[in-house]
1. Apply the Karplus curve 6.51 cos²θ - 1.76 cosθ + 1.60, θ = phi - 60°, to the phi angles in region 70-84 and return the couplings in whole Hz, x for Gly and Pro.
2. Below 8 Å between Cα atoms, with a sequence gap of 6+, how large is the relative contact order for the chain in percent?
3. Given 25 °C and 0.890 mPa s, how large is the Stokes-Einstein diffusion coefficient of the chain in µm²/s, with Rh as the Kirkwood radius over Cα pairs?
4. Quick one: which residues, 5 or more positions from M115 or on another chain, have an amide H under 5 Å from its amide H? H modelled 1.01 Å from N in the peptide plane, none for Pro or chain starts.
5. Would you mind telling me which residue in M103, M115, M75 has the biggest mean-square fluctuation in a Gaussian network model of the chain, where springs connect alpha carbons within a distance under 10 angstrom?
6. So what's the back-of-envelope 222 nm ellipticity for the chain, counting only DSSP H runs of four-plus at -39500 (n - 2.57) apiece and dividing by all residues, rounded to 500?
7. Could you tally the net charge around A74, taking each other residue with its Cβ under 14 Å from the Cβ of A74, Lys/Arg +1 and Asp/Glu -1?
8. Rounded, prolate or oblate: which fits region 62-120 when a ≥ b ≥ c are the square roots of the eigenvalues of the alpha-carbon gyration tensor, with rounded for a/c under 1.5 and prolate only if a/b beats b/c?
Amino acid sequence: MDFKKSEEVLAEVHRNCEYAKQSISDILPETDDEKIKEELLRQHEEYERIAGKAALLARERAIELKNPGPIKKAMMWGGIKMNTMKDDSSAHIAEMMVQGTVMGVTALRTTIGEMSDDYADEDVKDLADELLHTEEEFEQIWKKMIA
């Protein structure tokens, strides 16, 4: 089994936060629901906070974190636009957010599970666990908004 090193886990945390922030930024203009907007903004701030921690850890360890490229961002934007063009209801937006958080949770669980104890950096593991817990909470919030 190829165990993931702390650098790879930190990169996954960063990537997860960047994708989430980009998705939220793309979804925000598509809703008029103030409750949804407030939750999106609150979650964006939380991803921003965790991304800042990841950047600090990366800087301390001389690790370069890469942001999603313009093609990936354009694909995400296009997917969101197409999805909300068909249905921009609050329930549908909440459903889209559930799908996004489920993807994030799955990626984090896989990454954390593959992390080698030989390469484990406690600060990186703790940050990955913090993001996982945050994403799981967000998933529950969005699920409640679908009903």
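Please treat every number below as a calculation from the coordinates, not as lab data. Everything quoted here is computed from the prediction, not taken from an experiment. Note that we place each Cβ from the backbone using ideal geometry, even for glycine, and neighbour counts take in every protein chain shown.
1. Running phi through 6.51 cos²θ - 1.76 cosθ + 1.60 with θ = phi - 60° gives x, 5, 4, 4, 5, 5, 5, 4, x, x, 5, 4, 5, 5, 7 Hz.
2. 41 percent
3. The estimated diffusion coefficient comes to 155 µm²/s.
4. K4
5. Fluctuation is largest for M75.
6. -27500 deg cm²/dmol
7. Around A74, the charge tally is +2.
8. Details: a/c = 4.49, a/b = 1.78, b/c = 2.52.
Oblate.
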